[in-house]
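**Student:** Below is the structure I would like to discuss, written out as structure tokens.
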Amino acid sequence: MLEIPDLVAAEQPPLLTLTSHRLGGTGKSLAGQIVADAAYRSGLNMKIFENDDQTFYDPYGNVHHVVLPATDEVVHDPIADVRVHGAFDRALLEAGPDDCLIYDCAAASINRHTYVIDQLDVGPRLEAMGRHALVLVPTSAREDIAREALETYEVWRDLLPTPHRIVPMISQRDGDVRHLPAGHDLRKLAKLAGDGAFLVPRIPTAIINDVRRSGMKLCELADTRNLLATAEMARKIAMDPTIVQMMRRSAGTVLSETDAQMRSLGFTLGL
């Protein structure tokens with residue numbers, strides 16, 4: 001039986017949250033959307049950064065698309081990656097007590113992101129502000145995802161020691177995570193997770209993709225004050241009402257099963 005460590009409660013929300021993994025298709029963007037929804041419902045002023053031209057963050061606030069330079073450009077200009085993070089650095093410089101920076105990091109770019117965070121002294125600067133960073137590392141029972149998640153965790157843990165928090169975000173989409181063979185990398189990761197781990201409910205990937213295409217916040221879809229609003233909602237976003245009903249159910253499941261965990265991470269969820 002895999003023992004999933006409880007999240008260590010934080011007294012305040014992170015000023016910076018990054019979602020990171022070496023592989024694509026691991027659930028980074030879902031992790032980022034859950035954080036964005038929690039920050040929105042906590043009344044925080046979000047500044048969102050991402051590398052993959054994701055549009056589902058648009059309903060949550062100011063989104064800055066960070067285009068990572070081509071490899072040959074970095075060869076000729078070793079600090080090219082830092083240069084394109086000027087808006088990110090300014091957001092950190094200007095951050096107030098109610099600000100929340102969210103960075104959905106592209107896959108296969110962990111060395112580039114850690115280089116930027118290191119060169120800009122983000123960790124020490126946050127500590128000087130009395131704040132902390134949170135790195136969410138998606139993982140699952142799939143062996144390659146778990147293996148790369150373990151390495152991703154170790155890289156970020158080395159770069160951002162306590163009080164910063166590195167939290168595996170365990171998805172159940174790739175099989176039962178509680179019954180894994182001995183030596184599985186997810187078992188190793190759970191033992192290393194000193195800040196605890198986050199459990200994501202099992203939601204059909206196709207429905208999550210539809211949620212992203214809808215242009216709606218998770219909390220809007222999950223709102224149960226009018227259970228009969230599905231047809232009108234579907235009409236407004238030009239989607240099949242049957243699919244929208246499943247989207248509403250899935251959004252509700254995500255929030256109901258993660259809200260307590262988001263509170264442990266410091267989000268007040270007051271709205």
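**Student:** Would you mention how many residues in the stretch 48-57 are open to solvent by 40 Å² or more (accessible area, probe 1.4 Å) and modelled with pLDDT of 95 or more?
**Tutor:** Quick first cut of the stretch 48-57, residues open to solvent by 40 Å² or more (accessible area, probe 1.4 Å) only: 52-55.
The next check asks that each one be modelled with pLDDT of 95 or more; those that pass are none.
The total comes to 0.
Let's see how each residue does on (1) free of Cβ contacts under 8 Å to residues at least 24 places away in the same chain; (2) under 18 Å from the mean Cα position of the chain (by Cα):
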{"site": "Leu199", "(1), (2)": "no, yes"}
{"site": "Ala206", "(1), (2)": "yes, no"}
{"site": "Arg212", "(1), (2)": "no, yes"}
{"site": "Leu218", "(1), (2)": "no, yes"}
{"site": "Leu221", "(1), (2)": "no, no"}
{"site": "Arg225", "(1), (2)": "yes, no"}
{"site": "Ala234", "(1), (2)": "yes, no"}
{"site": "Pro241", "(1), (2)": "yes, no"}
{"site": "Met246", "(1), (2)": "no, no"}
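**Student:** Assess whether Gly123 counts as being open to solvent by less than 40 Å² (accessible area, probe 1.4 Å), in a loop (DSSP other than H, G, I, E, B) and under 28 Å from Val8 (Cα atoms).
**Tutor:** Taking the combined requirement at face value, the residue does not satisfy it.
**Student:** Given the criterion in contact with a strand residue (DSSP E or B) (Cβ under 8 Å, 6 or more places away or on another chain), under 30 Å from Val8 (Cβ atoms) and of a type in the set (S, T, N, Q), identify the matching residue among Thr268, Thr258. First the steps, then the outcome.
**Tutor:** Numbers: Thr268 fails: in contact with a strand residue (DSSP E or B) (Cβ under 8 Å, 6 or more places away or on another chain).
It is Thr258.
**Student:** Restricting the search to the stretch 126-151, which residues are of a type outside the set (D, E, K, R), in a helix (DSSP H, G or I) and either open to solvent by 50 Å² or more (accessible area, probe 1.4 Å) or under 15 Å from Leu93 (Cα atoms) (or both)?
**Tutor:** Within the stretch 126-151, Leu126, Ala128 meet the criteria.
**Student:** Checking the conditions here, which among Ala87, Ala91 is part of a helix (DSSP H, G or I), of a type outside the set (D, E, K, R) and under 15 Å from Leu18 (Cβ atoms)?
**Tutor:** Testing whether each residue is part of a helix (DSSP H, G or I), of a type outside the set (D, E, K, R) and under 15 Å from Leu18 (Cβ atoms) leaves just Ala91.
**Student:** Also: If you take the residues in the stretch 91-102 that are farther than 10 Å from His64 by Cβ and out of contact with any helix residue (DSSP H, G or I) (no Cβ under 6 Å at 6 or more places or on another chain), which one is surrounded by the most Cβ atoms within 10 Å (Cβ to Cβ)?
**Tutor:** Per the stated criteria, the residue is Leu92.
**Student:** Consider the stretch 58-90. How many of its residues are open to solvent by less than 30 Å² (accessible area, probe 1.4 Å) and of a type outside the set (Val, Ile, Thr)?
**Tutor:** Matching residues across the stretch 58-90 total 8.
**Student:** Can you tell me which residues in the stretch 152-195 are part of a loop (DSSP other than H, G, I, E, B), under 19 Å from Ile117 (Cα atoms) and under 17 Å from the mean Cα position of the chain (by Cα)?
**Tutor:** Across the stretch 152-195, the qualifying residues are Leu160, His164.
**Student:** Then there's this: Taking Thr224 as the residue in question, decide whether it is in contact with an Asp or Glu (Cβ under 9 Å, 6 or more places away or on another chain), farther than 24 Å from Thr26 by Cα and open to solvent by 10 Å² or more (accessible area, probe 1.4 Å). Before the answer, list the steps.
**Tutor:** Details: in contact with an Asp or Glu (Cβ under 9 Å, 6 or more places away or on another chain): no; farther than 24 Å from Thr26 by Cα: yes; open to solvent by 10 Å² or more (accessible area, probe 1.4 Å): yes.
No.
**Student:** Also: Check Ala231, Ala260 and return the single one that is more than 30 Å from Ala133 (Cα to Cα), out of contact with any Cys (no Cβ under 6 Å at 6 or more places or on another chain) and surrounded by fewer than 17 Cβ atoms within 10 Å (Cβ to Cβ).
**Tutor:** Values: Ala260 fails: more than 30 Å from Ala133 (Cα to Cα).
So the residue among Ala231, Ala260 that is more than 30 Å from Ala133 (Cα to Cα), out of contact with any Cys (no Cβ under 6 Å at 6 or more places or on another chain) and surrounded by fewer than 17 Cβ atoms within 10 Å (Cβ to Cβ) is Ala231.
The values are calculated or read from the model by the stated rules, or taken from the named source; none is laboratory data. Note that the structure is a prediction, hence the values are computed from the model and not measured. No Cβ is skipped: glycine too gets one built from the backbone with ideal geometry, and neighbour counts run over all protein chains shown. Side chains included, ligands, DNA and RNA excluded: accessible areas come from the protein's heavy atoms. Shrake-Rupley method; radii C 1.70, N 1.55, O 1.52, S 1.80 Å.
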